[in-house]
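Let me begin by presenting the structure, written as C-alpha cells, before commenting on it.
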Amino acid sequence: MRSLVITDSPVWTAEAEYAVSVARAELRAGALVTFVTPGARFAEAVPDARVLELPGSSPSRSPADFLAGARWLSDLVRRERFDVIHSARATAHLMAAVSAGGSAPIVHLRGGASVPGGHPANRFLYRRLTRAVIASSARVREWVIERLGLPSERVHRLLAPVDTSAFRPCGRDAELARSLGIREDAAVVMNVARLAPVKGQAVLVEAMAHVVATCPRAVLALVGEPWSGELESLRRLARRLGLESSVVFAGRRDDVPSLLGLSSVCVSSSVGSEENSRAVSEYMAAGRPVVATAVGVVPELVRDGASGLLVPPRDAAALGRAISSVLLAPDRAARMGSEGRRLAVESFSAEAFSAGLARVLESAGVAR
C-alpha cells in the first residue's frame, strides 16, 4: 500500500502527533509512506518514511504558500499512485482535497479543542470529498457528526497511542531522586506537562497545601518546559503558601519513564484542551495511579475509581483531597496502577492503534 500523510504543522500539535502515529502504524504494516510537512522536523519521528517538505512554510496563514503547496501536491499525486491520503489539520485537509482530485480516498485526522465550522463549504469538504474521519475523542466525534452531518459509520474515534514498551512499571531510582533533591521517604506527586496556565499547575500547587496537611512527606515534582514568566509565577505561589520545600521544579527532561518510577501518584491538572492527553496515557502505561481533571479526552482514558480519580477542573480543594486519598491508601493506589497499565496495553498501545487504523481503512474501502 502506498500512503500519503499530510500535515500543515511544522511543530508538534495533537493533530501532527496523530499524523506521525498513523505513519508509524502503516510503516509497521509494510506500507510505503510519504510524509509531507512544512519543514523536516518529523523526519526523526518517522525515519523509515520518505519525508518531503512543502514549498511554503506557512500554508495555514499565507494564501501564496497554500497555493504553492497545493500545486506541488497535485504534481506529487499525479506522478505517484497513492492508495490513501491522510490529512491532519484543517489546511492540510483542504489542500489534500484540492490536490487529490478524487484519485485516492482521503482519511482526515480531526483533533483539537475547536468545534468544526458547519458552513456549506466545510460540510461539502467532509461529506463529499472525505471518505472517513478519525476523531481524537468521543466529543470530537460527536462534533463532526452533528455539525457536519456525516453518517456515524464514517467517523471513528481512535485514541492516540503510547509506547507501552518505553513506558512500563519500574522501581524507584534512588540516585535520580537525590539528583532532584527528593528525599528517600518522600511521597512524590508527579506532573509532566509544559508549565503553562492551561495545564493548571497553579491549581495543583494550591492543592498541595491540602495534600501536605494530611501527608507531610508529600513532594510535588513539576516536569516540563516553562512558558515565559510561568516558572517564577509558580515559585512565588509556592513561597506564599509555605511550600518551598514541597515543590521541585525539574524543568524539561528526556528521562520521563524513569521519573515516573519515582512517583506515588501522577496528576494531570489541566483546565482545558487535552484532546490528546499523552501524559495521562504515559502515566497509565507506567502503572501509576492517576488523579486528573475531567477535561478533553481524559475521562475516556481514566476509569474513575478503577485506574484513577477524576475531579473538576480549577478546583484545588477537590484535587488535593483526591491526591491525598491515593497517597493514604497504598494498596488501592497499587490496584489503580495495575488497572491503568492493563487499560493502556489493551486500548492505546501501538498495537491497539494499528488494529483500529486497519478497521478504519477497511471501512473506507482501502486495501492494505
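The values are calculated or read from the model by the stated rules, or taken from the named source; none is laboratory data. On a predicted model such as this, the values are computed, not experimentally measured, just so you know. So basically every Cβ, Gly included, is an ideal-geometry build from the backbone, and we count neighbours across all protein chains shown.
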Quiz item: Is the range 345-362 home to any residue that is surrounded by fewer than 23 Cβ atoms within 10 Å (Cβ to Cβ), among the charged types (D, E, K, R) and over 26 Å from Ala29 (Cα atoms)?
Solution: no
Quiz item: Ala40: assigned by TED's automatic domain parsing to the domain that holds Ile106, modelled with pLDDT under 95 and surrounded by 15 or more Cβ atoms within 10 Å (Cβ to Cβ), yes or no?
Solution: no
Exercise. Pick out the one residue from Ala294, Ala322, Ala329, Ala333 that is out of contact with any strand residue (DSSP E or B) (no Cβ under 8 Å at 6 or more places or on another chain), modelled with pLDDT of 95 or more and among the aliphatic types (A, V, I, L, M).
Key: Ala329
Quiz prompt | Residues located in the range 143-189, provided they are under 30 Å from Val133 (Cα atoms) and either among the hydroxyl-bearing types (Ser, Thr, Tyr) or more than 25 Å from the chain's Cα centre (by Cα) (or both) | solution = Gly149, Pro151, Ser152, Thr164, Ser165
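Please determine whether any residue of the range 44-57 is crowded, with 20+ Cβ neighbours inside 10 Å, of a type outside the set (A, V, I, L, M), in the same structural domain as Ala358 (by TED's automatic domain parsing) and assigned to a strand (DSSP E or B).
no
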Practice problem: Go through the residues of the range 185-204 one by one and say whether even a single one is out of contact with any helix residue (DSSP H, G or I) (no Cβ under 9 Å at 6 or more places or on another chain), free of Cβ contacts under 8 Å to residues at least 24 places away in the same chain and surrounded by fewer than 15 Cβ atoms within 10 Å (Cβ to Cβ). | Solution: no
Quiz item: In the range 157-190, which residues are farther than 30 Å from Gly296 by Cβ and among the polar types (S, T, N, Q)?
Solution: Ser179
Quiz item: If you go through the range 58-96 one residue at a time, how many are part of a helix (DSSP H, G or I) and not polar (S, T, N, Q)?
Solution: 22
Practice problem: Please state which of the following conditions Val295 fails to meet, knowing it meets all the rest: (1) under 18 Å from the mean Cα position of the chain (by Cα); (2) of a type in the set (A, V, I, L, M, F, W, C); (3) in a strand (DSSP E or B). | Solution: (3)
